[in-house]
Structure formats: structure tokens, C-alpha cells
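A.B. asks: The structure is given below, and queries will be raised subsequently.
Computed from the coordinates by the stated procedures, all read-outs in this text should not be read as laboratory data. Not measured: the values here are computed from a predicted model. Here Cβ is always computed from backbone atoms with ideal geometry, including for glycine, and neighbour counts include all displayed protein chains.
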Amino acid sequence: MNATSDQAAQVEAGPYRVFVRAFTALRIFFGLVWLSNALAKLIDKGGYDWGFISFNLITRGSAQSIANDASKKTYIAPLGAFYQNVVLPNWGFFGALSTVAELAIGLGLLFGVAARLAAVGGLLLIGPIWLMLLNTGLYLWLYPLDLFPLVLLAIVPAGRVGGLDRRLAPRFKHRWPF
């Protein structure tokens with residue numbers, strides 16, 4: 001390599017490095033979001049006041065209420081009926097399933113273990129709720145703020161940097177979801 005190609009490699013590595021770190025930060029942040037909501041479901045505590053900040057997380061009861069509200073308001077009749085006739089009457093099972101799924105999603109994203117699969121799991125959990133609430137006059141970007149980063153994390157192998165996917169990917173020949 002000569003000086004010109006070395007400089008070109010450094011220029012390419014610079015922006016690449018920034019994007020890699022940005023996706024790693026996004027993955028970890030979303031992992032914390034999913035993990036905190038899963039823990040709120042586990043301990044059934046959603047409201048917090050730490051003095052300098054107060055906030056809410058989504059408990060199982062809150063999730064059930066969101067699903068119930070969305071299923072009643074939706075114009076997608078089959079999806080609403082599925083929630084009304086299958087999910088909500090069996091909330092004991094589906095509430096526990098959502099808690100376990102959120103724990104897996106949160107840990108997968110946080111630690112970069114099958115991070116792309118974890119992102120798809122997140123999309124599968126909140127996607128139907130978003131679809132049911134499309135016509136309800138909510139803030140347009142409320143759910144896409146959750147969905148779009150998950151789509152990116154499902155595509156980009158962000159778990160390979162600062163995550164365990166770095167070690168898993170070679171074992172699985174760098175195939176999705178690693």
C-alpha cells in the first residue's frame with residue numbers, strides 16, 4: 001500500500017467507525033428500554049419518582065390496557081378480533097409471554113446476542129399494536145420512533161461490535177441473526 005491508499009483507508013475507516021459506534025449505542029439504548037419495561041412487568045411497578053426525575057414504565061396491566069384499547073379502536077377487524085377473542089381473554093399466558101419476550105429482547109439487544117433477532121422480536125410485539133392504532137389520531141411518530149430503529153437493528157449486525165455476536169457470528173458463518 002502506498003500513502004494515498006493508506007489515507008483513503010483511514011478516511012473510510014473514520015466514518016465507518018462512527019456509524020458502528022452509533023449503531024452500538026442505539027442497540028444498547030433500545031436494550032435498556034426493553035429490559036426496563038420487562039422488569040416493570042416482573043415486579044408490577046410502573047411509576048417511579050427519584051426526586052430529580054419521575055417516569056412511568058409499562059407494567060403487565062398497562063400492556064393489557066394498551067392492547068384492549070387498540071383492539072377496540074382498530075379498523076383492522078381480524079387483528080382486533082384476534083386480540084379481543086384470543087389474546088385478552090388469555091392475558092395470563094400472553095402477559096407472561098410478553099414479559100419473557102421483552103426480557104429476551106432487552107438482553108439480546110443490550111448484550112448483542114442475536115441482536116438482529118431480538119430487534120425482529122420487538123417489531124413483532126409492538127407492530128400489531130401500532131397497526132391497530134394507525135387510525136386513532138395519535139401523534140404520527142409515536143410508534144415509528146420505536147419501530148424504525150428496530151428495523152435498522154434487524155438489518156445491521158450491530159451486535160458484532162461490543163456484543164457477543166462478535167464471537168457467535170463466525171461460528172454461524174456470519175449468517176443472520178448474528
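A.B. asks: Over region 16-175, what is the relative contact order in percent, taking alpha-carbon pairs closer than 8 angstrom and at least six residues apart?
C.D. replies: 28
A.B. asks: Still on this structure, please answer the following. For region 76-115, count the residues as N, evaluate 2.2 N^0.38 Å, and divide the Cα radius of gyration by that value, please.
C.D. replies: Cα Rg divided by the expected 2.2 N^0.38 Å: 1.53.
A.B. asks: Another one. What distance in nm separates the two pseudo spin-label positions at Phe172 and Arg21, each 7 Å out from Cα along the beta-carbon direction?
C.D. replies: So the two model labels end up 2.8 nm from each other.
A.B. asks: In addition: Taking region 27-178, how much of its Cα-Cα pair set, in percent, is spaced more than 25 angstrom apart?
C.D. replies: Roughly 35 percent, rounded to a whole number.
A.B. asks: Still on this structure, I have one more. Taking 8 Å as the Cα distance limit and 6 or more residues as the minimum spacing, I'd like the relative contact order of region 42-85 as a percentage.
C.D. replies: 25
A.B. asks: Against the longest alpha carbon principal axis of the chain, how many degrees, from 0 to 90 and to the nearest 10, is the axis of helix 3-43 turned?
C.D. replies: Between helix and principal axis, roughly 20 degrees.
A.B. asks: Which distance in nm do the two modelled labels at Phe55 and Lys73 give, with both placed 7 Å along the Cα-to-Cβ direction?
C.D. replies: Result: 2.3 nm between the two label points.
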